[in-house]
Amino acid sequence: MDNARFHIPDNEEYRALKKFIEEHRNTPGPLIQVLHKAQSIFGYLPPEVQKFVSSELNVPLSEIYGVVTFYNFFRTEPIGKHVINVCTGTACHVKGSKVVLEALCKELGVEVGGTTEDKFYTISTARCFGACGLAPVMVIDEEVFGRLSPQKAINIIKDFKKAEEN
Amino acid sequence: MAKRLDVLVCGGGACISSHSHEIKDKLIKVIEEKGLSDEINVVETGCMGPCELGPVMVVYPDGSFYIKLKEEDIEELVEEHFLKGRPVKRLLWETPEARKIVEEKKQIPFFEKQKKIVLSNCGKIDPENINEYIAQRGYEALGKVLTEMKPEDVIEEMINSGLRGRGGAGFPTGLKWKFTRASEGDQKYVVCNADEGDPGAFMDRAVLEGDPHAVLEGMAIAGYAIGANMGYIYVRAEYPLAIKRLEIAIKQAKELGLLGKNIFETDFSFDVELRMGAGAFVCGEETALIASIEGERGQPRPKPPYPAQKGLWGKPTLINNVETLANIRHIILNGASWFASIGTEKSKGTKVFALSGNVRNTGLVEVPMGITLGELVYDIGGGIPNGKKFKAVQTGGPSGGCIPKKFLNSPIDYESLKALGSIMGSGGLIVLDEDTCMVNMAKFFLEFSIEESCGQCSPCRIGLRQMYEILDRITNGEGKLEDIDRLQELGETIKATSLCGLGQSAPNPVLSTLKYFRDEYIKHIVDKECEAGVCASLFYAPCENNCPANVDAARYISYMAEGKLELAYYTHMKNNPFPSVCARVCPAFCEKRCERGKFDEPVAIREVKRLFADWALNEPPKFTPPEDSKKEKVAIIGAGPAGLACGFYLTRMGYKPVVFEALPIPGGMMTVGIPEYRLPKKVTLKEIEIIEKAGVEIRLNTRVESLDKLKEEGFDAVFIATGAHTSRKMNIPGEDAEGVISGIDFLRKINLGENIEVGENVIVIGGGSTATDAARTALRLGAKNVKIVYRRTKAEMPALPEEIIESEEEGIEFEFLTNPLEIIKDEKGKVKAVRFIRTELGEFDDSGRRRPVPVEGTEFTVKADLVIPCIGQKLTMSKLHAGLELYPNGHLKVDPETMMTSKEGVFAGGDAIYPSTVIESVAQGRKAAIAIDKYFGYEGALFEEERGEYVPDYDEEAYLKTILRKKPEYSDIRERIKSMALEVNKGMSLKDAIEEARRCLHCDRGKSLLKKKVEKKHKSLEEML
Amino acid sequence: MKLSDLKKIREKYSKDMNLREGKARIKIVVSMGTSGIASGARETLKALLDEIEKRELNDVLVTQSGERGLSSHEPVITVYEKGKPTIVYGDVSDNVARKIIAEHIVNGNPVSEYILEVKEEG
């Protein structure tokens, strides 16, 4: 990685990431923790950010790319302001999470993995949030909603948006 | 207008007798005097329960419960409480009465069979306050270990406890510690595996969230035992709350010096850091987890070397799971022998299970190892909700298997589960009901494993994909029988050759379902049927799929939504010529799978059907006899639902069949088995008339003596639908007494107009529809006390729920868990009483139900004038059946594909082959008609057009909000119990039926596929008329 | 920290927790695990605190914990009271929480339809 040819934008986000990297540089195996931090700052891991991490940690970009693509949790595409994750774990599957997912996609007019036109929601699936007793479950950002029916799920995303708009 | 206070005065009998009416009058008077009438609402209610404390009264919203009120108290009460808002303490109901009520209240057994060790602090202490943990003897075990025990002693204690790893494989924890201690190395690590990836397991999350210090303490003890000064917790990023609580716990422990340097002023130092996972299931595998902590892709590494020798950063590393570590401090505090006293011989202690899926009580349960699956599902889990049947439990997540109902008595421990083809895994236990398709389930898990395969080794990467493709074919109706063997081979190969645990166990869900649910695979492949109604490409709509006769309810409901009764009627007639009968007595299999039920309530399909069905009764019959009839002659024996359905569909294929009936009335069980108040005879006879007009000849009062005779008369094929009219015996003394009559004999005699003296006290024995029919008939004939005695519980009664409810409404008494021992006769040989014994539910039988076991010393006697046993019936053997093969239960044996008996050209159906409902008999009759046509060398073609979607013309959007189902009208209870002829259910109005039909969600939308291969498209419905 | 220090902490806090010598007469523990929060435990907690404040009940303490296990009946709360059995309530919505304060905490009549478990000791 040729550091000289890579311009580091001087903004708050990069400064925050750099600070985190400085603090964790000397802990063993910091890469995944740094990527978690980067994703929490930027919302996703675009190539520039991966390059930045690469140069800061002195880890080849290919290795970073390998790690980013290996783990489901890391995203390389931009996402909406809020992420809806519908659980497709076993208990949720048995209790009809598919119908909930379909209803939400229909309501938002996007496919699974897509982002709404207004960039408010991204809808995705995940495997098990450990709230199986409340199946079927979805998570908006970090908030868990359980015992869903298609209608209930639609009401929740509507209310959630309304609450934020007010 | 809503009032400020609601005052509920008990108007139960006991309270009235202690003058609650006077209290109420006085209240109203005082309230008026004080000008509070607009603010306070006084209501008289039914009995509130504590009669001995009456008169009682409750004030809402605060719920103050007043007892033993006297008129002179009222003045003060209104003044103090209602006006000034101060409840009158001296009149309030307080302990110990309140306490007693609470103690008597039936607690849900969810907690009773549990033993909490790991979860003992969860739900009790504040996880963000270390002091509360310390108050529960927290860090005392660490203190004890550091000050009193040598590392070797600690390891010895662990070995003696018998604790095995709770993460899945069940490796003995003490041995793992011993090996790690024995490894050479300047630096060693303890790693807590909190990457709880099995979908369906969440005990680790609960422990981390509810009792994080227990894990930290366990890690520190492990560190001391193996000689490590550093620990890592690898926790899923999906558990933000757990991460937060762990961070707080680590910080607080460090502040108090319980982590860090020189703990308890000893030489021992130990630090803990968190490492977040990033969503890779394979990282639960220990070598992959190590790679991930090191900041790399989480790919497994070949073993050996084991982590105990060469783990994190090449150093000896001990990896234990959260639940394992949470057990440690309890073992140190209470001793290895205490721990070893819990559980089974090889599996010690407790295990936490995450109970979820189709079970009433979901959540985490901690039970001693060795508890049975049945206890978990039924006692703790509370059984299956929504009246569905239990099918299987899935344990061990994507690495485990499905265990069917016949193993409900099996204990849960590492070895037993393995023997059943599953694994303990991390403790996810998902209950599956009858609506679960096992092929789909296997596919679901395989899809999971494919997505989570790290791709390193080919058996896992390629083999699993091949298995998935086969399953995908099968669920789409394109499977071949060879696929089953192929799946088995692939699965076994992948198990044997994969590099890590993921691949080695990924085929388990397929292999275990192949083992226990092979029939379901075959159904998907051969019959292109998914009985659970899950595999969408194999059916149009769940209602139609679940109907034994595949009546296209989706379409007739669509017609009804537009008020098109005639089209709805024809749709029904294509598969079942008894719409009016079934609208009254069908268990409505269709409604059980109605998707609307997942939304609010199922569509009242059966009630809607009644409108077009009864309409058609008064229309001129539209079905005429075939003009150029086929030359082959078919005889049908028995004019019940199976025989008449067979006859009707034979006419539609060009025959003029003859039906022989021994009784003076046609209809079989429909006319002589079901009482008039549930199914009026004129309705049944009218539907039979339509069948006759279509070309079926019925010869009443004609008993067929032998099959040979029919042959002599020129019949080329025979369909036996003689029903099952011989009652099974109870095999108890006194059964021959006068005044003992079986349910079907009783109902038949009444239906044929005979007079039976029922007396005052009638006892009905059994739990099916015949039992409720007989009991309610006896009541209508003037019996004073009618009792239904059943050996299991209400939940197991085979009678329809509405029959049970209506019986209770009418005053029938029930005795559950009771079995008859003897019928006591008087000197004339007439029944006098019945001696009973109570039963309790014991172990599970193969049907997945609990077997009733008599309880000694609980015998009791009940007076009786008439005893009606209704415990099932069997085929009446006659010369007719001579030479035909039978099932062991005494019914005729047929080839399920062709409905043919062991004799060429002789077919059978209905109760004669299997005791069943009207709709099941109709389905068999129809199937037999097609089979007979094919037997004669024709195509077996009935009216079958391509069933496609039908889009009705009304605003569907308006019906997508929650609307509860419409209820039919019922006859007044006081009136109906006096009359055999008064129909109990009077149906609903056409307007209501149309509105009800519009609740349909149209699951058939977008489906147009040719259903049964046997019934190819030939003529349209209109051409068939 | 010495072992004896640990013992001191233990003694102090176990007294508080057992309500024998603490100031509080009643302690209400709200299960605040993922399942509880997802089922509305935050609203339950707020309702409890609100009712306690409105009624000026200064001898009632409210704290949080992890989950008790019975997810299908979340939100779950536990009421510990001096000299009385411990009562675990399930399905405690905002309204139910208010009812429990009014009927159980104030008037001493446990709200039986929401009781999941009654235990002799804490």
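The values are calculated or read from the model by the stated rules, or taken from the named source; none is laboratory data. Since we're looking at a predicted model, the values are computed, not measured. Cβ atoms come from the backbone with ideal geometry, glycine included; neighbour counts cover every protein chain shown. Accessible surface is based on the protein model in full, side chains and every heavy atom, while ligands, DNA and RNA are left aside. Shrake-Rupley method; radii C 1.70, N 1.55, O 1.52, S 1.80 Å.
Taking only the Cα atoms of the protein assembly as shown, how large is their convex hull per residue, in Å³?
About 209 Å³ per residue, rounded to a whole number.
Tell me whether segment B:161-287 comes out rounded, prolate or oblate; compute the Cα gyration tensor, take square roots of the eigenvalues as a ≥ b ≥ c, and use a/c under 1.5 as the rounded threshold.
Since a/c reaches 1.5 but b/c is at least a/b, the shape of segment B:161-287 is classed as oblate.
What shape does chain B take by its C-alpha gyration tensor, where a ≥ b ≥ c are the square roots of the eigenvalues and a/c under 1.5 counts as rounded, a/b above b/c as prolate, and the rest as oblate?
Judged from the Cα gyration tensor, chain B comes out oblate (a/c at least 1.5, b/c at or above a/b).
For chains C and B, what's the summed buried accessible area, probe 1.4 Å, to the nearest 100 square angstrom?
Buried: approximately 4300 Å² between B and C.
Stick to Cα atoms and the Kirkwood definition of Rh, then tell me Rg/Rh for segment B:511-573.
1.16
What does the buried accessible surface come to for A and B, summed over both chains, with the probe at 1.4 Å? Round to 100 Å².
Approximately 3300 Å² gets buried when A meets B.
Just reorder B:LYS515, B:LYS115 by solvent-accessible area, largest first, 1.4 Å probe, all chains present.
Largest to smallest exposure gives the sequence B:LYS515, B:LYS115.
When DSSP assigns beta bridges and you keep just the ones with both residues in the protein assembly as shown, what percent turn out antiparallel, to the nearest 5?
50
Quick one: which bits of segment A:117-137 get at least 10 Å² less accessible when the partner protein chains are in, versus the chain alone, with a 1.4 Å probe?
A:ARG127, A:CYS128, A:PHE129, A:GLY130, A:ALA131, A:CYS132, A:GLY133, A:LEU134
Express in nm, to one decimal, how much length is gained between B:SER706 and B:LYS84 on full extension, taking 0.36 nm for each residue of separation and deducting their alpha carbon distance.
214.9 nm
Given a Förster distance of 22 angstrom, what is the FRET efficiency for B:LYS893 paired with B:ASP716, based on the Cβ-Cβ distance and rounded to 0.05?
Here the calculated transfer efficiency is 0.50.
Which residues' amide hydrogens lie under 5 Å from the amide hydrogen of B:GLU196, considering only partners 5 or more residues apart or on another chain, with H built in the peptide plane?
So B:GLU196 has HN proximity to B:ARG236.
List the residues of segment B:248-289 that lose 50 Å² or more of accessible area once all protein chains are present, compared with their chain alone (1.4 Å probe, heavy atoms only, no ligands or nucleic acids).
So the qualifying set is B:PHE264, B:GLU265, B:ARG275, B:MET276, B:ALA278.
Given a Förster distance of 30 Å, report the FRET efficiency between A:THR69 and B:LYS303 from their Cβ-Cβ distance, rounded to the nearest 0.05.
0.70
Restricting to bridges with both residues inside segment A:82-165, how much of the DSSP beta-bridge set is antiparallel, in percent to the nearest 5?
In segment A:82-165, approximately 55 percent of DSSP beta bridges are antiparallel ones.
Under a 10 Å cutoff between Cα atoms, tell me which one of C:TYR89, C:TYR80, C:TYR13 has the largest fluctuation in the Gaussian network model of chain C.
C:TYR13
Take every DSSP beta bridge whose two residues both sit in chain B, then give the antiparallel share in percent to the nearest 5.
Among the beta bridges of chain B, antiparallel pairing accounts for roughly 50 percent.
Pop a pseudo-label 7 angstrom from the Cα along the beta-carbon direction at both B:ALA536 and B:LEU481 and give the gap in nm to one decimal.
Roughly 3.1 nm, to one decimal.
May I ask you to list the trypsin sites (Lys or Arg not before Pro) in segment B:583-631 that are in a DSSP loop and have at most 13 other Cβ atoms within 10 Å of their Cβ?
Sites meeting the loop and neighbour criteria: B:LYS631.
For the pair C and A, how large is the buried accessible area, both sides, in square angstrom to the nearest 100, if the probe is 1.4 Å?
Summed over both sides, the interface buries about 600 Å².
Please go through segment B:814-851 and write out the GluC sites (Glu not before Pro) that DSSP classes as loop and that have at most 12 other C-beta atoms within 10 Å.
B:GLU827
Please label the shape of segment A:82-165 as rounded, prolate or oblate, based on the square roots a ≥ b ≥ c of the eigenvalues of the alpha-carbon gyration tensor (a/c under 1.5 means rounded; beyond that, a/b larger than b/c means prolate, else oblate).
prolate
What translational diffusion coefficient, to the nearest whole µm²/s, does segment B:529-669 have by Stokes-Einstein, given a Kirkwood radius computed over alpha-carbon pairs, a temperature of 20 °C and 1.002 mPa s viscosity?
Value of D from the Cα-based Kirkwood radius: 130 µm²/s.
Quick one: which of B:LYS711/B:LYS879; B:LYS115/B:LYS406; B:LYS825/B:LYS863; B:LYS480/B:LYS927 span more than 18 angstrom between C-alpha atoms?
Exceeds cut-off: B:LYS115/B:LYS406; B:LYS480/B:LYS927.
Report, by chain and number, residues whose modeled amide H sits under 5 Å from the one on B:GLU529, excluding near sequence neighbours (fewer than 5 apart, same chain).
B:HIS524
Which of the pairs B:LYS391/B:LYS515; A:LYS119/B:LYS961; A:LYS37/B:LYS254; A:LYS152/B:LYS598; A:LYS19/B:LYS254 have their Cα atoms more than 18 Å apart in this structure?
A:LYS119/B:LYS961; A:LYS37/B:LYS254; A:LYS19/B:LYS254
Residue-wise, which Karplus ³J(HN,Hα) couplings in Hz belong to segment B:552-567, taking 6.51 cos²θ - 1.76 cosθ + 1.60, θ = phi - 60°, and x for glycine or proline?
Result, ordered by residue: 7, 4, 4, 6, 5, 5, 4, 4, 5, 4, 9, x, 8, 5, 5, 5 Hz.
In debye to the nearest 20, how big a dipole does segment B:796-847 give about its Cα centre with +1 on each Lys and Arg Cβ and -1 on each Asp and Glu Cβ?
Using Cβ point charges on Lys, Arg, Asp and Glu, segment B:796-847 gives about 680 debye.
Which GluC sites (Glu not before Pro) in segment B:610-715 sit in a loop by DSSP (not H, G, I, E or B) and have at most 12 other Cβ atoms within 10 Å of their own Cβ?
B:GLU627, B:GLU705, B:GLU713
Rounded to the nearest 10 degrees, what's the angle between the helix A:12-24 long axis and the longest principal axis of chain A, both from Cα atoms, 0 to 90?
With rounding to tens, the tilt is 70 degrees.
Which length gain, in nm to one decimal place, applies between B:ASP73 and B:SER989 when the Cα-Cα distance is subtracted from 0.36 nm times their residue separation?
Using 0.36 nm per residue and subtracting the Cα-Cα distance, I get 324.5 nm.
Over segment A:12-70, average the accessible area per residue using a 1.4 Å probe and give it in Å², no decimals.
Solvent-accessible surface per residue comes out at 46 Å².
As a quick test, which of the pairs B:LYS681/B:LYS787; B:LYS176/B:LYS261; B:LYS116/C:LYS27; B:LYS574/B:LYS681 have an alpha carbon distance above 29 angstrom in this structure?
Exceeds cut-off: none, every pair is within range.
How big is the gap, in Å, between the Cα center of segment B:266-310 and the Cα center of segment B:819-877?
So the two Cα centres are separated by 63 Å.
State the percentage of accessible surface on the protein assembly as shown attributable to carbon and sulfur atoms; use a 1.4 Å probe and exclude ligands, DNA and RNA.
49
Along the Cα→Cβ direction, 7 angstrom out, place labels at B:PHE171 and B:ALA496. What is the inter-label distance in nm?
2.4
Send over the semi-axes of segment B:217-287's equivalent ellipsoid, whole angstrom and largest first, taken as the square roots of 5 times the C-alpha gyration tensor eigenvalues.
Equivalent ellipsoid semi-axes, largest first: 25, 16, 7 Å.
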